[in-house]
């Protein structure tokens, strides 16, 4: 084993932090070790009470490592991640080591810096089968992972249903509401981006609706609006309608071992997303149904009835696959996003 030269290593680590993360926040540190670099979670303490955070964090860590692996190969290094946590160190997600290898260019690596979420409405034109096959092949490169397309039939109807239920619940329950609006950086305005959190402009809220949407970040107002059916309407606008109008809806599945399932799914999700970016396609991940199904119900989080309904819906969608749904997404063609999120500099994630 050998460590890449400093300049190459920096490019590799920078590619890692370009990976997607819930709320545009990475809860990680990259710590030098005797053999390479350790990927450390800074959020483990919340996972027992909020298992949905564990799900989303592991998906993002998988995507971080996939970006590093792609950039490493591009620079003539093979990344070998060891995923097994050290005894007594649950925060250690992966130990990363490298060895020299022939450079291998990959269109996915070239797409890392251009990848972003696009929350606009997508044009209702079906993509060529070859494009869908390319995305599916990118995900299938990870053992046990694949994309299930939900473009017609009962699976699509059920996916639209659970997406609408989950997104509505995020506006209906106080803790979910606080988590949702707490991620939005209203102080930067609707035209600017931010290196952490979600800039309001990235949400693609229609200009006439922006003052009302911003006001709903105050729970008393949201609770009062709930009596008038606002959560249902917001869930329809945030999830059901964009997905209903998108030409393609998919879900990343994984049937890997329990200790690797979400990490591998995160790598597969990132490969799928990068393949879409390389084809100049619009892509939006939709995590709510799967995240809420993992939550502990009550206490302002998901209601027991909704959690049960989401679980039943996910089972129907994955029936016969032998795999677990890990992330929904919609796909199509659209204008560029009004505002794209940024990332903190690498120094913000380094230690030692």
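Values in this text are rule-based calculations from the coordinates and carry no lab data. These figures come from a predicted structure and were not determined experimentally. For neighbour counting, all protein chains shown are included, and Cβ atoms are generated from backbone atoms with ideal geometry for every residue, glycine included.
Here the contact order of segment 29-160, divided by its residue count and restricted to Cα pairs under 8 Å and six or more residues apart, works out to 20 percent.
Mark the label point 7 Å from the Cα of residue 89 along Cα→Cβ and return the residues of segment 1-36 whose backbone N is within less than 17 Å of it. The answer is 28-36. Based on DSSP H segments of at least four residues, each scored -39500 (n - 2.57), the chain has a per-residue ellipticity at 222 nm of -12500 deg cm²/dmol. The relative contact order of segment 119-332 comes to 36 percent, based on Cα pairs under 8 Å that sit 6 or more residues apart. Per residue, the convex hull spanned by the alpha carbons of segment 6-112 comes to 97 Å³. The percentage of C-alpha pairs in segment 214-300 whose separation is greater than 23 Å is 44%. Helix 129-140 against the longest principal axis of the chain: what's the angle in degrees, Cα atoms only, rounded to the nearest 10? The helix 129-140 is inclined about 60 degrees to the chain. In the elastic network of the chain, a GNM with C-alpha springs shorter than 10 Å, the most mobile of 87, 336, 304 is 87. Once you treat every alpha carbon in segment 76-119 as an equal point and sum by Debye, what is log10 I(q)/I(0) at q = 0.22 Å⁻¹? These q points yield log10 I(q)/I(0) values of -0.84. Specify the inter-centroid distance of segment 294-318 and segment 131-164, based on alpha-carbon positions, in whole Å. Here the two parts' Cα centres lie 20 Å apart. Between residue 101 and residue 33, the modelled labels are 1.8 nm apart [label points 7 Å from Cα along Cα→Cβ].
Over 21 Å, how big is the tail of the calculated P(r) for segment 244-352, in percent of all Cα pairs? So the portion of pairs separated by more than 21 Å is 51 percent.
Normalised by residue number, the volume inside the convex hull of the Cα atoms of segment 119-332 is 135 Å³ per residue.
The Kirkwood radius of segment 18-77, taken over pairs of alpha-carbon atoms, gives through the Stokes-Einstein law at 25 °C and 0.890 mPa s a diffusion coefficient of 195 µm² s⁻¹. Taking 0.36 nm per residue of separation and subtracting the Cα-Cα distance, full extension of the segment from residue 221 to residue 121 would add 33.3 nm. Distance between the modelled labels on residue 187 and residue 48, one decimal in nanometres: 3.2 nm (7 Å Cα→Cβ projection). Summarising the label geometry, the points placed 7 Å from Cα in the beta-carbon direction at residue 113 and residue 245 lie 3.3 nm from one another. If the segment from residue 233 to residue 344 were pulled out straight at 0.36 nm per residue, it would be longer than the present Cα-Cα gap by 36.5 nm. At full extension, residue 129 and residue 335 could sit 72.0 nm farther apart than now, given 0.36 nm per residue minus the alpha carbon distance. Distance from the C-alpha centroid of segment 172-208 to that of segment 1-69: 24 Å, rounded to the whole angstrom. Mean projected area of the convex hull spanned by the Cα atoms of segment 1-52, taken over all viewing directions: 4.7 nm². Using the Cβ-Cβ distance between residue 280 and residue 206 with R0 set to 25 Å, the FRET efficiency works out to roughly 0.55.
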